[in-house]
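Accompanying notes for the structure given below.
The values are calculated or read from the model by the stated rules, or taken from the named source; none is laboratory data. Quantities reported herein were computed from a predicted structural model and do not represent experimental measurements. Note that we place each Cβ from the backbone using ideal geometry, even for glycine, and neighbour counts take in every protein chain shown.
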Amino acid sequence: MNEPAAEQVREEVRAWLAEHWDPDLSLTEWRRRLVSSGWGCPTWPAEWFGKGFSEALGEVVQAEFRRAGAVGVASSGVRMLAAATLLEHGSEAQKAALLPRILTGEDTWCQLFSEPGSGSDLAGLTTRAQLDGDTWIVNGQKVWTTSAHHAQYGMLLARTDWDVPKHRGLSFFVLEIEQPGVEVRPLRQMNGHASFNEVFMTDARVPRDMLVGKQGGGWQVALTTLAHERRQADGMRNWGRAERGEGRVYRELREEQARVMEPYKWYPQRAGRVDLILPVARTSGRLADPVVRQEIGRALMLERASQWTARRARAARELGQPPGPEGSLGKLAASVVARAAARAHAAAAGPDALLAGPDAPAEGMVAEVLLSVPAISIAGGTDQIQRNIIAERVLGLPKEPRDDVDVPFRDVRRNPSSV
């Protein structure tokens with residue numbers, strides 16, 4: 001691919017921002033300018049609201065946006081996973097209709113994959129989609145669905161054929177959430193937050209043209225979504241944010257972030273908050289304790305190793321490589337780091353680690369860490385699933401014996417509650 005030089009790109013984006021950037025525009029109006037210009041997603045294909053640049057040139061553009069204090073496209077939450085999936089598998093009509101509103105922030109998305117009886121074994125899901133004329137009729141239940149309570153669309157994985165092996169009977173849809181057949185119920189977590197939802201679909205309707213990819217090809221489409229999720233390929237999450245600026249676009253951006261990122265505000269605690277370990281140990285007076293120091297050292301060491309793995313993933317992206325083993329390695333490493341951090345927090349804070357409120361260690365943040373860390377070993381694929389992926393796809397080890405792969409799904413034994 002013949003690309004322009006970095007300096008040429010830098011000059012072009014500077015000139016475009018000088019002419020078009022206006023913080024007094026509405027957030028949506030500004031983002032529509034970005035979408036039509038291609039500068040909002042420069043690494044996307046030129047025919048789909050981008051410039052076709054490499055990741056390296058995308059970094060050049062991003063740097064110029066930061067220099068100008070310009071706001072970027074909407075990229076928080078699940079929406080960029082939807083965008084990445086649609087870019088690879090969506091029809092031209094789907095891309096034209098859905099991608100611009102993802103980037104402007106007019107639409108919020110959620111991911112309708114996991115079910116009460118099908119979490120780690122995602123291909124065992126039992127939500128049904130049956131074609132009735134030009135409409136798919138959907139019945140079933142999803143769970144652990146972040147942001148479903150304010151989403152306009154959901155990426156839905158449902159079963160369309162029970163007479164083939166389970167992976168071949170799935171199809172991928174775009175489901176409109178705000179319709180009579182969809183009910184969203186929040187789930188309260190043990191850490192006090194309510195980020196997730198149950199979603200019940202009773203004769204929910206999906207237009208025939210909202211099937212993504214081919215009927216029966218949903219597993220391959222879902223793998224794209226999961227690969228990007230594990231690798232955090234929506235790397236524009238912090239793109240062009242300038243929350244402290246003055247003007248309408250900044251005010252509306254702050255409002256958007258408060259609304260969209262509300263379900264994620266406990267995620268730093270889920271990751272272990274390694275940054276708080278030393279301050280907590282100093283405050284408690286346990287920093288000189290040799291056992292506490294061992295736990296702290298182990299957590300810091302593991303975090304640094306995990307950062308190096310993340311840099312490998314980022315380097316692969318910049319080279320234009322598809323998502324690789326770094327995603328699963330990084331996901332598993334994050335779980336190890338979080339658990340080590342939780343142990344270090346508990347050792348550093350002592351009995352006070354379980355206290356909540358402003359007088360507790362780190363104003364109760366340590367207790368929230370201890371309650372939140374178990375989630376990281378489950379969300380996005382359990383640690384056991386990540387180990388299987390690494391063993392089979394990275395190390396080339398033999399697959400586990402299975403009795404549910406080459407038989408019709410209706411003959412597969414499953415949880416009675418998921419029939």
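Quick notes
- For Arg230, the criteria (1) surrounded by 17 or more Cβ atoms within 10 Å (Cβ to Cβ); (2) of a type outside the set (A, V, I, L, M, F, W, C); (3) modelled with pLDDT under 90; (4) over 30 Å from Leu370 (Cβ atoms) hold in every case but one, which is (4).
- Test set (1) assigned to a helix (DSSP H, G or I); (2) farther than 21 Å from Gln269 by Cβ; (3) within 28 Å of the chain's Cα centre (by Cα) - Gly396 fails condition number: (1)
- Which listed residue, of Ala288, Ala305, Ala341, is surrounded by 19 or more Cβ atoms within 10 Å (Cβ to Cβ), in the same structural domain as Val373 (by TED's automatic domain parsing) and not β-branched (Val, Ile, Thr): Ala341
- Qualifying residue in the range 239-249 (condition: under 23 Å from Met155 (Cβ atoms), modelled with pLDDT under 95 and of a type outside the set (S, T, N, Q)): yes
- Residue match in the range 354-373 (condition: under 20 Å from the mean Cα position of the chain (by Cα), at pLDDT 95 or above and more than 30 Å from Glu59 (Cα to Cα)): yes
- Check on Gly357, in contact with a helix residue (DSSP H, G or I) (Cβ under 8 Å, 6 or more places away or on another chain), buried (at least 17 other Cβ atoms within 10 Å of the Cβ) and part of a loop (DSSP other than H, G, I, E, B): no
- Qualifying positions in the range 20-61 - free of Cβ contacts under 8 Å to residues at least 40 places away in the same chain, over 22 Å from Gly247 (Cα atoms) and part of a loop (DSSP other than H, G, I, E, B): Gly38, Pro42, Thr43, Gly50, Lys51
- For the range 106-125, the condition holds for no residue, the condition being that it is among the small types (Gly, Ala, Ser), over 19 Å from Trp219 (Cα atoms) and either in contact (Cβ under 8 Å) with a residue 12 or more places away in the chain or crowded, with 21+ Cβ neighbours inside 10 Å (or both).
- Test result for Val78, touching a residue at least 60 places away in the same chain (Cβ under 8 Å) and either surrounded by fewer than 16 Cβ atoms within 10 Å (Cβ to Cβ) or within 30 Å of Val199 (Cα to Cα) (or both): yes
- Tally, over the range 118-148, of residues that are of a type in the set (Asp, Glu) and more than 24 Å from the chain's Cα centre (by Cα): 2
- Of all residues in the range 299-319, one or more are within 18 Å of the chain's Cα centre (by Cα) and either among the small types (Gly, Ala, Ser) or outside any helix (DSSP H, G or I) (or both).
- Residue in the range 50-57 that is closer than 23 Å to Tyr250 by Cβ, out of contact with any Cys (no Cβ under 6 Å at 6 or more places or on another chain), surrounded by 19 or more Cβ atoms within 10 Å (Cβ to Cβ) and not assigned by TED's automatic domain parsing to the domain that holds Glu106 present: no
- Considering Glu88, Glu64, Glu3, the condition of being under 22 Å from Leu319 (Cβ atoms) and in a loop (DSSP other than H, G, I, E, B) is satisfied by Glu3 alone.
- In a residue-by-residue description of the range 356-372, the property of being among the hydroxyl-bearing types (Ser, Thr, Tyr) and within 22 Å of Leu125 (Cα to Cα) applies to no position.
- The listed residue being of a type in the set (Lys, Arg), more than 25 Å from the chain's Cα centre (by Cα) and within 17 Å of Pro374 (Cα to Cα), out of Arg339, Arg270, Arg343: Arg343
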